[in-house]
1. Within the stretch 104-122, can you find the residues that are of a type outside the set (Phe, Trp, Tyr) and surrounded by 14 or more Cβ atoms within 10 Å (Cβ to Cβ)?
2. Criterion first (more than 8 Å from the ligand (Cβ to nearest atom), touching a residue at least 60 places away in the same chain (Cβ under 8 Å), surrounded by fewer than 18 Cβ atoms within 10 Å (Cβ to Cβ) and more than 23 Å from Arg27 (Cα to Cα)) does Glu69 satisfy it?
3. Counting just the residues of the stretch 75-92 that are near the ligand (Cβ under 7 Å from one of its atoms) and touching a strand residue (DSSP E or B) at 6+ places or on another chain (Cβ under 6 Å), which one comes out nearest to Pro3 (Cα to Cα)?
4. Only one of Ala40, Ala13 is within 26 Å of Met134 (Cα to Cα) and either away from the ligand (no atom under 16 Å from the Cβ) or in a loop (DSSP other than H, G, I, E, B) (or both). Can you tell me which?
5. Restricted to the stretch 98-119, and to residues that are within 12 Å of the chain's Cα centre (by Cα) and not hydroxyl-bearing (Ser, Thr, Tyr), which residue is farthest from the ligand (Cβ to nearest atom)?
6. Taking the residues in the stretch 120-133 that are more than 15 Å from the ligand (Cβ to nearest atom) and hydrophobic (A, V, I, L, M, F, W, C) as candidates, determine which candidate is nearest to Ile67 (Cα to Cα).
Amino acid sequence: MFPIVPERSTDAAQIENLLDITFGSERTKKTVYRLREGVAHVKSLAFVVRDPEGRVLGSIRYWPVTIGEQTAAVMLGPVAVHPDYQGQGIGRALIRHSLYAATRQGHRICILVGDKPYYEPFGFSNAADRGLEMPGWVERERFQVMELAPGALTDVRGMVGKAKAGRRSRAA
Ligand SMILES: CC(C)(COP(=O)(O)OP(=O)(O)OC[C@H]1O[C@@H](n2cnc3c(N)ncnc32)[C@H](O)[C@@H]1OP(=O)(O)O)[C@@H](O)C(=O)NCCC(=O)NCCS
């Protein structure tokens, strides 16, 4: 497999194209995109896999969010792997690598909306069961959360919201 490397600003157009291929152009109608609008993704958690010709084969990004207005968290996604390269471990490697980086960087809670069978093995569990809510419709089973720091979800409840511009996503 090709190495996982930090995303560069010059990857942006290729990543948009990859997301169109994997999720379709209707993807921006989803609730998660309301939380991303006007907010920059977390640059230090944006990774890609490129082939030797520089083509982006896989990408993962995170967005800063809040829970219950007070608690900082990161939202995993989108993660995408080009259809010609799916099933070779790139997706799992991107997720593992970035979750490790998020933990090292001091982020304490990670949420996502995605397929439960894919994310459960990383340690995610149902977010609604923990008292978290999304500001729009999502399938309950797909809304998931994981503590990156033990106990980070203790007494944390409420609505996931957009991070304020310039606000750090880690609880410090
Ligand atoms: C989901 C995605 C990122 C996985 O990347 P990948 O590199 O193909 O995945 P990996 O090779 O690391 O893992 C493959 C394994 O995950 C499983 N898997 C892949 N997508 C899955 C899904 N949506 N739900 C459950 N399992 C899934 C495969 O069956 C395979 O299982 P196996 O190892 O037991 O055979 C990629 O398939 C993709 O871009 N899909 C379209 C976009 C998308 O749906 N992204 C978000 C997922 S919520």
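Taken together, the values in this text are just the output of simple stated rules run on the coordinates, not laboratory data. Since we're looking at a predicted model, the values are computed, not measured. Counting neighbours? That spans all protein chains shown, and the Cβs are built from the backbone with ideal geometry, glycine included.
1. Gln105, Gly106, His107, Arg108, Ile109, Cys110, Ile111, Leu112, Val113, Gly114, Lys116
2. yes
3. Step by step, filter the stretch 75-92, then rank; the result is Ile90.
4. Only one candidate qualifies: Ala40.
5. Restricting to residues being within 12 Å of the chain's Cα centre (by Cα) and not hydroxyl-bearing (Ser, Thr, Tyr), the top hit is Ile109.
6. Checked the stretch 120-133; the qualifying residue nearest to Ile67 (Cα to Cα) is Leu132.
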